[in-house]
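Peer 1: Next up is a structure, given as structure tokens.
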Amino acid sequence: MELSLQTWPKVEDYLKTKNTIIIPIGSTEQHGPTGLIGTDYITAQKIAIEVGEKTNTMVAPPLCFGMAFHHMDFPGTITLKPSTMMLVLLDMIESCYTHGFKKFMFINGHGGNINPTATAFCEWKTKDTDTTLQLENWWRLPEVQAYEKIHFGDENGFHATCGEVALTMHLEKEAFKTIPKTQFKIERPKYSMPMAPKEFRKTFFDGRMASNPGLATSEHGAKLFEIAVDTISKKVSEL
Ligand code: NI
């Protein structure tokens, strides 16, 4: 049930019996030489829409931009500052709350979003409203990580991972037709986050972080999609 495909009377009707909304949040950023720039919002949005179908829950349009300043030395990345992202999330929550939404499930596709989202939740809670705010990072679900460990081992990595590239191969098959399948050597340089854009590129020259996305297949992506959707659907039902 996508919010953008409803009319306002339909949203009003929905709110008479249910006050849950799913909000996908992602990023527009480099994902290594063979990953899509839109990976993080595409994965979050598609998982969210499927979870919405399964649980009969309203799904907001995705926040396609996140906190990704460390990827800014790679072309294509569009970032929000941490403070901007927090304010955008607060405005989104406030808008939905004004209409009567009380339970919020944020489905996230990007690690850099975790801190600004947690801060936005804290800021909102200072108002002491009767809202439930929950953040689920699909790639951090134990069920997802267990699958990745079996199939990708320690080549999954931390950015442009096998898992996220596999998931987008399943969701956006057309886009991968023109991307050559390449195996990558894994390097594990020392680093600590947060990193400035130049620092990041100097450390991770092609944008990957200890991953070999050459192991990704759309079949793995289909399985990961199913696992993430099933696991988050249960959490939405329990909200
Ligand atoms: Ni990503």
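Peer 1: Go through the residues of segment 20-32 one by one and say whether even a single one is out of contact with any helix residue (DSSP H, G or I) (no Cβ under 6 Å at 6 or more places or on another chain), under 22 Å from residue 230 (Cβ atoms) and polar (S, T, N, Q).
Peer 2: Yes, segment 20-32 contains at least one residue that is out of contact with any helix residue (DSSP H, G or I) (no Cβ under 6 Å at 6 or more places or on another chain), under 22 Å from residue 230 (Cβ atoms) and polar (S, T, N, Q).
Peer 1: Scan segment 131-141 and tell me whether some residue there is more than 30 Å from residue 19 (Cα to Cα) and either within 15 Å of the chain's Cα centre (by Cα) or surrounded by 12 or more Cβ atoms within 10 Å (Cβ to Cβ) (or both).
Peer 2: The initial filter retains those residues of segment 131-141 that are more than 30 Å from residue 19 (Cα to Cα), namely none.
No: zero hits.
Peer 1: Output the residues belonging to segment 156-173 that are among the hydroxyl-bearing types (Ser, Thr, Tyr) and more than 10 Å from residue 208 (Cβ to Cβ). Step through it out loud before you land on a result.
Peer 2: Within segment 156-173, the first condition is being among the hydroxyl-bearing types (Ser, Thr, Tyr), and the residues that meet it are 161, 168.
Passing the criteria: only 168.
Peer 1: Is it the case that some residue within segment 45-65 is under 30 Å from residue 178 (Cβ atoms), part of a helix (DSSP H, G or I), within 16 Å of the ligand (Cβ to nearest atom) and among the β-branched types (Val, Ile, Thr)?
Peer 2: Yes, that holds for at least one residue.
Peer 1: Which of the residues spanning segment 9-28 are among the hydroxyl-bearing types (Ser, Thr, Tyr) and surrounded by fewer than 16 Cβ atoms within 10 Å (Cβ to Cβ)? Steps first, please.
Peer 2: First pass over segment 9-28, keeping only residues among the hydroxyl-bearing types (Ser, Thr, Tyr): 14, 17, 20, 27-28.
Selection gives 17 alone.
Peer 1: Which of (1) modelled with pLDDT of 95 or more; (2) of a type outside the set (A, V, I, L, M); (3) on the phi < 0 side of the Ramachandran plot is the odd one out, the single condition residue 181 does not satisfy?
Peer 2: Condition (1) is where residue 181 drops out.
Peer 1: Take residue 208 and decide whether it is touching a residue at least 40 places away in the same chain (Cβ under 8 Å), crowded, with 20+ Cβ neighbours inside 10 Å and of a type in the set (Lys, Arg).
Peer 2: Working: touching a residue at least 40 places away in the same chain (Cβ under 8 Å): yes; crowded, with 20+ Cβ neighbours inside 10 Å: yes; of a type in the set (Lys, Arg): yes.
Yes; evaluated as a whole, the condition is true for this residue.
Peer 1: Quick one: which helices (runs of 4 or more DSSP H) lie wholly within segment 173-239 and hold at least 3 residues that are charged (D, E, K, R)? Before you say what the answer is, go through the steps one by one.
Peer 2: Details: elements: 173-176, 197-203, 218-237.
Those helices (runs of 4 or more DSSP H) span 197-203, 218-237.
Peer 1: Separate question: If I filter segment 9-44 down to residues being of a type in the set (A, V, I, L, M, F, W, C) and over 17 Å from the mean Cα position of the chain (by Cα), which single residue comes out as nearest to the ligand (Cβ to nearest atom)? Walk me through how you get there before you give the answer.
Peer 2: Going through segment 9-44, the residues of a type in the set (A, V, I, L, M, F, W, C) turn out to be 11, 15, 21-23, 25, 36-37, 42, 44.
Now restrict to residues that are over 17 Å from the mean Cα position of the chain (by Cα): 11, 15.
On the way: 11: 31, 15: 33 Å.
By that ranking, first place goes to 11.
Okay, residues lined up against (1) assigned to a strand (DSSP E or B); (2) within 15 Å of the ligand (Cβ to nearest atom):
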{"residue": "76", "(1), (2)": "no, yes"}
{"residue": "84", "(1), (2)": "no, no"}
{"residue": "95", "(1), (2)": "no, no"}
{"residue": "104", "(1), (2)": "yes, no"}
{"residue": "124", "(1), (2)": "no, no"}
{"residue": "133", "(1), (2)": "yes, no"}
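Peer 1: Output yes when any residue across segment 79-88 is under 17 Å from residue 136 (Cβ atoms) and in contact (Cβ under 8 Å) with a residue 40 or more places away in the chain, and no when none is.
Peer 2: At the first step, the residues of segment 79-88 found to be under 17 Å from residue 136 (Cβ atoms) are none.
No, segment 79-88 has no match at all.
Peer 1: Among the residues of segment 224-237, is any in contact with a His (Cβ under 8 Å, 6 or more places away or on another chain) and either at pLDDT 95 or above or under 22 Å from residue 151 (Cβ atoms) (or both)? Let's see the steps before the verdict.
Peer 2: Step one: of segment 224-237, the residues in contact with a His (Cβ under 8 Å, 6 or more places away or on another chain) are 224-225.
Next, only the ones that are either at pLDDT 95 or above or under 22 Å from residue 151 (Cβ atoms) (or both) stay: 224-225.
Yes, segment 224-237 has at least one match.
The values are calculated or read from the model by the stated rules, or taken from the named source; none is laboratory data. Note that the coordinates shown come from a computational prediction; the quantities given were computed from them, not determined experimentally. So basically every Cβ, Gly included, is an ideal-geometry build from the backbone, and we count neighbours across all protein chains shown.
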